[in-house]
1. Just name the residue that is surrounded by the fewest Cβ atoms within 10 Å (Cβ to Cβ) out of those in segment 75-132 that are in a loop (DSSP other than H, G, I, E, B) and of a type in the set (V, I, T).
2. Picking from A28, A70, A47, which residue would you name as being modelled with pLDDT of 95 or more and surrounded by fewer than 10 Cβ atoms within 10 Å (Cβ to Cβ)?
3. Could you give every pair whose Cβ atoms fall below 7 Å, whose first residue belongs to segment 114-125 and is farther than 13 Å from L53 by Cα, and whose second residue is in a loop (DSSP other than H, G, I, E, B) and of a type in the set (V, I, T), counting only separations of at least 6 or pairs across chains?
4. Given (1) within 20 Å of N117 (Cβ to Cβ); (2) of a type outside the set (A, V, I, L, M); (3) within 17 Å of the chain's Cα centre (by Cα), identify the lone condition not met by Q44.
5. If I ask for residues that are touching a residue at least 40 places away in the same chain (Cβ under 8 Å) and not in a loop (DSSP other than H, G, I, E, B), which ones from segment 45-65 would you list?
Amino acid sequence: MKKVVLIVLLAILLVSCNQTNEEPVTKADEIIYQTISPKDAKEQLDADDTILLLDVRTKEEYDSGHIVGAELLTLDVIESEAETTYTDKDQIIYVYCRSGNRSKTATKILNDLGYTNVYDLGGIMNWPYETE
């Protein structure tokens with residue numbers, strides 16, 4: 001008799017622990033943080049001119065040298081200006097900075113704004129290809 005009561009109590013406990021008021025998160029609701037290597041980025045940029053390459057450094061850093069074809073959208077304005085400047089939230093976007101810290105932050109901001117194909121390229125320090 002004690003075993004039956006114990007089993008029933010255990011079953012009730014397990015069922016009640018599995019019930020929550022939260023809606024389950026689906027893959028469609030999740031935006032995955034993605035990175036891309038300089039080699040892969042270079043290959044893709046050469047093959048597809050629709051990819052947006054964003055430099056999130058300061059204007060002074062950008063003016064001193066940037067990856068060919070990059071557009072400047074500094075980290076301090078990305079949250080307020082991205083949606084009006086880049087309206088296609090499904091466009092492939094590669095983001096870079098000097099060392100990778102700001103690009104990681106910018107990638108997360110863009111993901112939070114609903115951009116779905118954002119890749120952190122890291123820092124220009126690791127870019128072995130041409131700059132201008």
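1. So the first thing to find is which residues in segment 75-132 are in a loop (DSSP other than H, G, I, E, B), and the list is 86-91, 98-100, 113-116, 127-130, 132.
Subsequent filtering for residues that are of a type in the set (V, I, T) retains 87, 116.
On the way: T87: 8, T116: 14.
Once the filter is applied, the top-ranked residue is T87.
2. Details: A28 fails: modelled with pLDDT of 95 or more; A70 fails: surrounded by fewer than 10 Cβ atoms within 10 Å (Cβ to Cβ).
Step by step, each of A28, A70, A47 is checked, and only A47 is modelled with pLDDT of 95 or more and surrounded by fewer than 10 Cβ atoms within 10 Å (Cβ to Cβ).
3. Once the first residue is farther than 13 Å from L53 by Cα and sits in segment 114-125, its partners that are in a loop (DSSP other than H, G, I, E, B) and of a type in the set (V, I, T) give T116/I31.
4. (3)
5. Within segment 45-65, the subset touching a residue at least 40 places away in the same chain (Cβ under 8 Å) is 45, 48, 50-57, 65.
L45, L52, L53, L54, D55 - these are the residues of segment 45-65 that are touching a residue at least 40 places away in the same chain (Cβ under 8 Å) and not in a loop (DSSP other than H, G, I, E, B).
The values are calculated or read from the model by the stated rules, or taken from the named source; none is laboratory data. Please read all numbers here as calculations on a predicted model, not as lab measurements. Cβ coordinates were reconstructed from backbone atoms using ideal geometry, including for glycine residues, and neighbour counts include every protein chain displayed.
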